[in-house]
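The values are calculated or read from the model by the stated rules, or taken from the named source; none is laboratory data. This one's a predicted model, so the numbers in the text were calculated from it and none came from an experiment. Using ideal geometry, Cβ is built from the backbone for each residue, glycine included, and neighbour counts are taken over all protein chains shown. Just the protein is used for accessible areas: all its heavy atoms, side chains included, with ligands, DNA and RNA removed. Shrake-Rupley method; radii C 1.70, N 1.55, O 1.52, S 1.80 Å.
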Amino acid sequence: MTPVRWVLDPEITPRLREELAGLWSEVVDAGGAVGFPPGTGPAGVLPELDRHLAGIGAGTTRLLLGVDEAGGPAATAFIVHTGHALMGHWVWLKSVMVRPAAQGAGAGRELMAEAERAIRGFGGIRAIRLTCRGGMGLERFYAACGYKEVGRVPDAIAVGGGELRDDVMMWRPLD
């Protein structure tokens, strides 16, 4: 189940909000490093999702959505403008996720390529920044997509059970 259609800035409906929370929860439960421990559930991710959606309403955030053949969300990336006068030339890529059933078949690389294409179309954006959880191979994945590790904060992410992981900053110049 790979995304078959990409939509930048879809209409945010109550149904889409619910489906996004379900996708996010599914990714978390499959071990995805997207900000929550397994078992959080859709209701648990809603506060963070609603922060992203509020950013869309405020014009600071854009949603790239991969839609599957059934019309539901299969992949997401939130593109967040910094809002800082000296850092308006780059954007954050946040909550990058692919439905677990679509992982391992190129959907993640497709998502990253589509995000880059969309961002290049914004005008004036020269780089993309993201962070990822260390110790999961994500640094290699993002490096294969053209990102470079530019910083690391040791033990910054507490994943539960006393386990700590590095917070890794990645950078993708668009020049």
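Which condition from (1) open to solvent by less than 10 Å² (accessible area, probe 1.4 Å); (2) at pLDDT 95 or above; (3) out of contact with any Leu (no Cβ under 8 Å at 6 or more places or on another chain) is the one that residue 93 breaks?
(3)
From the set of residues in the range 156-175 that are of a type in the set (Gly, Ala, Ser) and modelled with pLDDT under 95, which is least open to solvent (accessible area, probe 1.4 Å)?
160
Kindly provide the set of residues from the range 1-60 that are over 16 Å from the mean Cα position of the chain (by Cα), surrounded by 15 or more Cβ atoms within 10 Å (Cβ to Cβ), among the hydrophobic types (A, V, I, L, M, F, W, C) and modelled with pLDDT under 95, ordered by number.
Hit for the range 1-60 is 1, nothing else.
Let's see how each residue does on (1) over 13 Å from the mean Cα position of the chain (by Cα); (2) closer than 24 Å to residue 158 by Cα:
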{"position": "85", "(1), (2)": "yes, no"}
{"position": "89", "(1), (2)": "yes, no"}
{"position": "95", "(1), (2)": "no, yes"}
{"position": "103", "(1), (2)": "yes, no"}
{"position": "108", "(1), (2)": "no, no"}
{"position": "133", "(1), (2)": "no, yes"}
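Are any of the residues in the range 41-49 within 17 Å of residue 93 (Cα to Cα), β-branched (Val, Ile, Thr) and part of a helix (DSSP H, G or I)?
no
Please verify whether residue 38 is in contact with a helix residue (DSSP H, G or I) (Cβ under 7 Å, 6 or more places away or on another chain) and in a loop (DSSP other than H, G, I, E, B), treating the condition exactly as stated.
Judged against the criteria, residue 38 is a match.
Select from the range 115-155 the residues that are open to solvent by less than 40 Å² (accessible area, probe 1.4 Å), within 21 Å of residue 66 (Cβ to Cβ) and either in contact with a Phe, Trp or Tyr (Cβ under 6 Å, 6 or more places away or on another chain) or among the basic types (Lys, Arg) (or both) and list them in ascending order.
Listed by number, the list is empty, since nothing qualifies.
Please go through the range 62-83 and pick out each residue that is buried (at least 21 other Cβ atoms within 10 Å of the Cβ) and among the polar types (S, T, N, Q).
76
Taking the stated definitions as given, is residue 11 among the charged types (D, E, K, R) and under 14 Å from residue 97 (Cβ atoms)?
no
I'd like the full set of residues that are touching a strand residue (DSSP E or B) at 6+ places or on another chain (Cβ under 7 Å) and under 17 Å from residue 32 (Cβ atoms), limited to the range 139-165.
Correct list: 139, 142, 157, 158, 159, 165.
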